[in-house]
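Peer 1: I have a structure here, written as structure tokens, and I will follow up with some questions on it.
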Amino acid sequence: MLQNNFSLKEMTLNTILLLGFSVGFILGTADNQEPVAYQIFKKSGEFMIGGLFPVHTTVVLFSLNPTGFLQALAMRFTLEEINNSTTLLPGESLGYEMYDTCLNSLVIIHPVLRFLTRDGTENIEIQCNLTEYRTKVMAVIGPSTTEIATACMKLLSTLLIPQISYSVSADIFSDKSIYPSFYRTVPSDKKQVEGMVTLISYFKWNWIAAVASEDDYGETALRQFSSTAMANGICIAYEGLIPLYLSGTETRMAIEDMLDKIEQTDVKVVLVFATLTQSIAFFHEVIMRNMTKVWIGSASWVLSQSILSLPGIERVGTVIGFFPRAQTVSGFGQYLKKVVSEMYPDQSSFQSTSTQSSANYRGIDFEVDKLPAILHPVTELYAQSVYTAVYSVAHALHNLLNCDSVKCNKENTTIYPWKLLEEVRKVNFTIFNTTFGFDKNGNPNTGYDIVTHSLTDIGFTKIGSYNNVMDLNTSLIDWGTKANKVPESQCSGECLPGQIKRVKGTHSCCFDCIDCQEGMFHSPADDYECYPCPSGQWSNTRSTDCSDPTYLYLKWTDISVIVLLLLTCILLFLVLGTLILFVKNRNTAIVQASGGNMSLFALVSLLAVGTSMFFFIGKPTLTMCQCQQPLLSIGFTCCLSTFSVKALQVMLVTDFKGVPSKYIQFLKTQGTWASVIFSILLQCLFCMWHIQSNQHLTPDEQVTFLSKYLKCEISNVLSFSLMFGYNGILALMSFMLNCVAQAPPGQYNLARDITFSMLAYLLIWIVFVPCYAELTDGNQPLLQMIVTLVSSFGIMLGYFFPKCYILLVKPEMGTEEYFKIYNN
């Protein structure tokens, strides 16, 4: 069945007319002669342009190539449009000679030699100076394939005849030192390869297979793709070449072997960079074995009707391809239908072609089943590149002839092809609302459309474009997966940030992910090595950079600090209140029994202890660190030394009554302060040693952390231990002297107060030592503050609060008789 556009009557009429008009294809004047290309269209003009088109795919009859025939008509349509133009080449006429190449490099020699004949003759003249040799044609449009272009380009380059191809994309022709007169209106394969690599990288596919046709086109493109892919971290698990010159059975076996190897690699994405004939054979086998992949297609086949119409092509998976940016040529569709109707004006022409048809279309044989392909909208897209190529020649000639919008000023000068070539290099004109021109390598400034096969009427959907930068709408792609998720094609999954790749096997895309350890980091510039952090910086495990360390410390706004400050204020308030109470009652028996001025000194010492709490809060400074521990230890020493002296007095009074009173009196007067001063001086020595050995905030060490609690470091543990150990000895001595002391009946038990207060102090600081060693840096200062406050409260509750209770609540108990034993 033909397209739905045709009625049954039209279909029957056109079929009869097309078959009736076929006149065969002449290969030579005798069976043994070399093949000769048939001239398909010719028209005389002042300036002749040659055309080379693959109207047939072989030199055999009934092998019409719909695309080649349409492109030949596109050239004729364009030249007629230019000749009818009033602004481009006004008053000048362009003629043409178009030949069928039959996709045969031997056939192409014949028309090329005809193009090289001297203008107005059928001869090729050999001259030493070719600058004044004007050939039959001023420029050549075509050919279509790399192989044929290679065969004819050397001849055309000899006379610098501009050759503008409409489909040859091989990057080798960008070398102007070898092909100085070659230009094209489709981008080179180099840009197509770059676009393919960009597309593959966009979807994070790094494990793919690649197949190409076994010819210059496929092999060159495959080499370019391999090198570019490798540079972008894409691994090709398998490379294969589709044979070109084998028999049908041998080709099928070769393709089956390729597909077996592709399945073994477990890739989900396959690049196919092949000519149309090889692509058809390849996908025929893909369909036969129901293989489903993501296929990345080249411009040579991706939008070919021969591929789109393959039975079962919709089952192969997702096809994404690159096609030279194309638009429908305005008016060409109607022109095409008109030509077809002219070739078959009525049903009777099926048996006998008319003279007009024979003259205009001789050598073109039509199979009925090719008509839908010729008239299909997709095939029509191939006209734009031809249309642009012809207009490039016309604009170059327009500039060479000094034409304006009214007339041309030739000034009786002879126009040579090499002069036209200089203007072709510089053309810059607007076509399809876009400025068109060539770069220094003869490549156009256009890019590619990115398309995907779809079930639409035209068989494809445009999903983006590429012209050095990719623009892609992925929502238009049908992946055929659950939730339309993009298929993954990777030998190994992506490593997480901060991990490096350890390659396993021969492919760089197959690897294990290894964490970068502490003090190391992963640089995005190198996926295979962890780098050490610079001096003064550090990192955690699996980091992508290093950071300066952060120092923490107790802040005034911390909840724990606020609570401790409240307790400190309560302590200071109680100590200060007790001090005031004792000062007011310093002459009473109870105050004198408690130590008199020594008690006042002990209370002042506790004020110093409470004040030392403020040196633990805030960002440490050297002065703060030098005052913190010494102030605390000396404060306790002053307090505990008074208790030790008083404990000795109580023991002598209660347990050693035979001691002469003069010794006890000395101990209560001069001996008291001598003992206290001696104790304080000894502690001062320990404190001075501690200050001398702790002259910095943090130890001078290499940074091996990201955050650290900033505190006053204790670099000399011995001096620290002596300071607080000395206080422990004073407390222990006081406790042991009074723990068994008994007051006489009817007397106040001062030994009990000393015993309980010293016991509380000792227990608290004994617990402090192991806990302090186990805690982290951030909690050590907090613990020391807590222990200091609790021990201070213990001293106040055990020793001073009973006296305050008597002074405030039971003043009648504060008699001389009740405290007589301690005041005598």
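The values are calculated or read from the model by the stated rules, or taken from the named source; none is laboratory data. Note that this is a predicted model, so its numbers are computed, not measured. When we count neighbours, we look across all protein chains shown, and the Cβ atoms used for this are built from the backbone with ideal geometry, even at glycine. When the accessible area is computed, the model is the full protein with side chains, heavy atoms only, and any ligands, DNA or RNA have been set aside. Shrake-Rupley method; radii C 1.70, N 1.55, O 1.52, S 1.80 Å.
Peer 1: Rg and Dmax of the range 73-197, using alpha carbons, in Å: what are they?
Peer 2: For the range 73-197, the Cα-based Rg and Dmax read 15.9, 51 Å.
Peer 1: Given that compact globular proteins tend to follow 2.2 N^0.38 Å, what is the ratio of the alpha-carbon Rg of the range 372-524 to that value? Mind showing how you got there, number by number?
Peer 2: Values: Rg = 26.1 Å, N = 153, 2.2 N^0.38 = 14.9 Å.
Computed over Cα atoms of the range 372-524, the ratio equals 1.75.
Peer 1: Skipping prolines and chain starts, which residues have an amide H placed within reach, meaning under 5 Å, of the one on Arg184, given they are 5 or more residues away or on another chain?
Peer 2: The list, which skips near neighbours in sequence, is Ser165.
Peer 1: OK, next. I'd like the orientation of helix 597-612 relative to the chain: the angle between its Cα long axis and the longest Cα principal axis, in ° from 0 to 90, rounded to 10.
Peer 2: Compared with the principal axis, the helix lies near 0 degrees.
Peer 1: Give the list, by residue number, of cysteines in the chain with no other Cys Cβ closer than 4.7 Å, or say none.
Peer 2: Cys102, Cys128, Cys152, Cys569, Cys627, Cys638, Cys639, Cys684, Cys687, Cys739, Cys771, Cys804
Peer 1: When all alpha-carbon pairs of the range 105-158 are counted, what percent fall beyond 19 Å? Can you show the working numbers first?
Peer 2: Details: 374 of 1431 pairs.
For the range 105-158, the fraction of Cα-Cα distances above 19 Å is 26 percent.
Peer 1: Taking every eigenvalue of the Cα gyration tensor of the range 466-580, multiplying by 5 and rooting it, what semi-axes result, largest first, whole Å? Don't skip to the end; give the middle numbers.
Peer 2: On the way: eigenvalues 653, 104, 39 Å².
That gives 57, 23, 14 Å for the three semi-axes.
Peer 1: Over 12 Å apart: what share of the alpha carbon pairs of the range 219-265 falls there, rounded to a whole percent? Don't skip to the end; give the middle numbers.
Peer 2: On the way: 725 of 1081 pairs.
Taking all Cα-Cα pairs of the range 219-265, the fraction more than 12 Å apart is 67 percent.
Peer 1: I need the per residue convex hull volume for the range 131-206, using only the alpha carbons, in cubic angstrom as a whole number. Walk me through the numbers before you get to the answer.
Peer 2: Working: hull volume 7.1 nm³, N = 76.
Each residue corresponds to 93 Å³ of Cα convex hull volume.
Peer 1: Next up: With the calculation restricted to Cα positions, what are the radius of gyration and Dmax of the range 37-117 in angstrom?
Peer 2: When restricted to the Cα atoms of the range 37-117, Rg and Dmax are 13.7, 43 Å.
Peer 1: Along its principal axes, what span do the Cα atoms of the range 408-490 show, with the longest given first and each in whole Å?
Peer 2: Rounded to whole Å, the extents work out to 71, 33, 19 Å.
Peer 1: Please report the Cα spread of the chain along all three principal axes, rounded to whole Å, starting with the longest.
Peer 2: 159, 61, 44
Peer 1: Normalised by the residues of the range 105-249, what does the relative contact order come to in percent, with Cα pairs under 8 Å and at least six apart? Kindly include the intermediate steps, with their values, before the conclusion.
Peer 2: Details: 203 pairs, mean separation 23.9, N = 145.
Worked out over the range 105-249, it gives 16 percent.
Peer 1: Considering amide H positions built from the backbone, and no H for Pro or chain starts, which residues 5 or more places from Ile40, or on another chain, come under 5 Å of its amide H?
Peer 2: For Ile40, the qualifying residues are Met98, Tyr99, Asp100.
Peer 1: Remind me, what semi-axes does the range 233-319 give for its equivalent ellipsoid, largest first in whole Å, using sqrt of 5 times each Cα gyration tensor eigenvalue? Write down the numbers at each step before the final one.
Peer 2: Working: eigenvalues 63, 52, 35 Å².
In descending order the semi-axes read 18, 16, 13 Å.
Peer 1: Here's another thing I want to ask about it. Pairing the Cα long axis of helix 670-693 with the longest principal axis of the chain, what angle in degrees results, from 0 to 90 and rounded to the nearest 10?
Peer 2: Long axis of 670-693 versus the principal axis of the chain: about 20 degrees.
Peer 1: Rounding to the nearest 20 debye, state how big the charge dipole of the chain is about its Cα centre with +1 on each Lys and Arg Cβ and -1 on each Asp and Glu Cβ. Kindly include the intermediate steps, with their values, before the conclusion.
Peer 2: Working: 53 positive and 67 negative charges, 794 e Å.
Dipole about the Cα centre, nearest 20: 3820 debye.
Peer 1: Kirkwood-based Rg over Rh for the range 551-597 (C-alpha set), two decimals?
Peer 2: Here the Rg-to-Rh quotient is 1.32.
Peer 1: Only sites in a loop by DSSP and with at most 10 other Cβ atoms within 10 Å count here; which trypsin sites (Lys or Arg not before Pro) in the range 371-464 make the cut? All intermediate terms of the calculation are to be shown ahead of the outcome.
Peer 2: Numbers: sites: Lys407, Lys410, Lys419, Arg425, Lys426, Lys440, Lys462; in loops: Lys407, Lys410, Lys440.
Taking the range 371-464 and a limit of 10 other Cβ atoms within 10 Å, the loop trypsin sites (Lys or Arg not before Pro) found are Lys440.
Peer 1: Order Glu816, Glu285, most accessible first, counting only protein heavy atoms with a 1.4 angstrom probe. Spell out each step's value before the answer.
Peer 2: Values: Glu816 115, Glu285 20 Å².
If we order Glu816, Glu285 from most to least accessible, we get Glu816, Glu285.
Peer 1: Collect residues whose amide H, placed 1.01 Å from N in the peptide plane, falls under 5 Å from the amide H of Val319; neighbours closer than 5 in sequence don't count.
Peer 2: Residues meeting the criterion, in which the H sits 1.01 Å from N, are Trp295, His453.
Peer 1: Using square roots of five times the C-alpha gyration tensor eigenvalues, list the equivalent-ellipsoid semi-axes of the range 150-276 in whole Å, biggest first. Intermediate results must be reported in sequence, preceding the final value.
Peer 2: On the way: eigenvalues 184, 79, 18 Å².
Over the Cα atoms of the range 150-276, the ellipsoid semi-axes are 30, 20, 10 Å.
Peer 1: Right, another one. Which value in deg cm²/dmol, rounded to the nearest 500, describes the helix-derived mean residue ellipticity at 222 nm for the chain, given -39,500 (n - 2.57) per DSSP H run of n ≥ 4 and division by the residue count? Walk me through the numbers before you get to the answer.
Peer 2: Numbers: 26 runs with 363 residues, N = 824.
Taken over the chain, the calculation gives -14000 deg cm²/dmol.
Peer 1: Continuing with the same structure: Whole percent per 5 Å bin, from 0 to the bin with the longest distance: what is P(r) over all C-alpha pairs of the range 526-615?
Peer 2: With a bin width of 5 Å, the distribution comes to 3, 11, 14, 11, 8, 7, 7, 6, 6, 5, 5, 5, 4, 4, 2, 1, 1.
Peer 1: Computed over the Cα atoms, what is the radius of gyration of the range 768-823 divided by 2.2 N^0.38 Å, N being its residue count?
Peer 2: Numbers: Rg = 18.5 Å, N = 56, 2.2 N^0.38 = 10.2 Å.
This ratio for the range 768-823 stands at 1.83.
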